[in-house]
Amino acid sequence: MERSGMSLEATQAALRAEHAAVYGYGVVGGRVGDDRRSEAREAFEAHRARRDDLVRAVRDLGGEPVAAEAAYALPFEVPDGETAVRLAAELEDRLAGVYADLVRAGRGERRRAAADALRDAAIRAARWRGGGVAFPGLAEMA
């Protein structure tokens, strides 16, 4: 596959992930405690903005942006604030992986933007979790 095709595919994957994150943060915001609600709101807004940027990027690459699903399956039940925090960290970890792929596929400004998004996801994941991981965006080797 040519490099621009890889970039479009990776950009679409990032857009799918941002759609899912916006949905997931809707759940997080509804369940998280008052002490972290503003943090959830800020993350929700950041992901909406990144989603909108990715829609434009897909169009710039000549593609048709994937639409958001009506709903997304959550990785686990989220009945309370503690699991909402866990979900937020999971969403950010998943985004870090997708953005790591986009860094590999991108060039120039797109690559820089993907690296910024990877960094932001890693920082948010660490804040939600209370600690970071050595190589955010890379799957752990067994």
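Structure data summary
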{"read-out": "Whole-Hz couplings from phi, Karplus 6.51/-1.76/1.60, listed for region 82-89; x for Gly and Pro", "value": "5, 6, 5, 5, 4, 5, 4, 5"}
{"read-out": "Charge-dipole axis of the chain as Lys and Arg at +1 and Asp and Glu at -1 on Cβ define it, positive-most pick from W128, Y72, L118", "value": "L118"}
{"read-out": "DSSP-assigned coil residues among chymotrypsin sites (Phe, Trp or Tyr not before Pro) in region 76-137, each with at most 14 further Cβ atoms within 10 Å", "value": "F76"}
{"read-out": "Range in the chain, longest, excluding exposed GluC sites (Glu not before Pro) [loop by DSSP; at most 12 other beta-carbon atoms within 10 Å]", "value": "3-68"}
{"read-out": "Part-to-part distance (alpha-carbon centres) for region 42-75 and region 101-117, which is given in Å", "value": "16"}
{"read-out": "Computed label-point distance, nm, for sites R111 and R59 using a 7 Å Cα→Cβ extension", "value": "2.7"}
{"read-out": "Kirkwood Rh in Å, taken over region 1-134 so that all alpha-carbon pairs contribute", "value": "15.0"}
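Each reported figure results from applying straightforward, stated rules to the coordinates on display, with no laboratory input. Bear in mind that the values here come from a model prediction, so they are computed numbers and not experimental data. We place every Cβ from the backbone using ideal geometry, glycine too, and count neighbours over all the protein chains shown.
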